[in-house]
Amino acid sequence: MSKYIQNAVLIILLLMNLSCRKNVSVIEERELDQKNLTPCSTGDCSYRYTRWNDLDSLVHPITGSFRVFVFEVNFGEGDMKIFLKAPMEGVAFSIDQQDFKNGKVIFQRNCPSCRIAALSPQTGRIRGLRIARDDPFAPETWIVEANLVLTDSGKTLSRQIYFKQRFYPDSISPKENKSQVAD
């Protein structure tokens with residue numbers, strides 16, 4: 001009989017513990033809104049994504065199981081791109097420290113005339129949320145907020161990159177996909 005009571009008490013404690021936990025992902029999703037979007041510092045930025053993709057070792061798109069978000073900044077001497085591999089399922093995502101280690105965040109800078117150290121994403125916080133559509137025929141858009149820390153291989157240099165912006169499907173023309181800051 002005492003074993004039955006112990007099991008009952010254990011089950012009650014477990015249920016009480018579960019009922020007191022907050023659903024962190026739901027709270028974070030509510031905090032991610034379309035206000036305070038970051039402007040493009042160069043005036044030539046794009047925010048796009050592709051579905052059912054992945055990236056090969058040379059960062060070329062291939063068929064895969066991710067929604068790949070690309071933040072691209074073009075400047076006079078070259079460009080900078082940040083690739084984020086998010087899962088296809090769901091209406092929200094977050095990329096954690098383990099995802100950084102697994103290569104789901106890629107930084108690429110193409111600037112032949114620049115004297116720069118090779119940097120790679122080490123840590124940060126990235127989250128995204130699909131924006132609800134009033135028109136079911138409108139393209140699916142996402143709001144993505146990223147705060148990344150890039151470092152060199154010796155961890156002596158570091159750079160922080162922050163952006164919060166709307167991302168559009170890659171099939172939308174570049175004019176429509178340029179930096180659009182909320183009023």
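Every number here is computed from the coordinates shown, using simple stated rules; none is lab data. Only a predicted model underlies this, so the values are computations on that prediction, with no experimental measurement involved. Cβ placement follows ideal geometry from the backbone for every residue including glycine, while neighbour counts extend to all protein chains displayed.
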### Pairwise Lys count, region 24-177 - Cα closer than 14 Å, eight or more residues apart or different chains
4
### Query
Net charge near MET80, counting Lys/Arg +1 and Asp/Glu -1 over other residues with Cβ under 9 Å of its Cβ?
0
## Note on the structure
Projected onto the charge dipole of region 24-177 (unit charges on the beta-carbon of Lys, Arg, Asp and Glu, signs +1, +1, -1, -1), the Cα from THR123, LEU157, VAL59 with the largest positive-side position is that of LEU157
### Query
What is the fewest-to-most order of THR38, THR156 by other Cβ atoms lying within 10 Å of their Cβ?
THR156, THR38
#### Entry: Whole-number percent relative contact order across region 24-177, with pairs defined as alpha carbons under 8 Å at least 6 apart
21 percent
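Give me the net charge of ARG159's neighbourhood, meaning all other residues with Cβ under 15 Å from the Cβ of ARG159; Lys, Arg count +1, Asp, Glu -1. Can you show the working numbers first?
Numbers: positive: LYS81, ARG109, ARG115, LYS155; negative: ASP152.
Within the 15 Å Cβ shell, the charges total +3.
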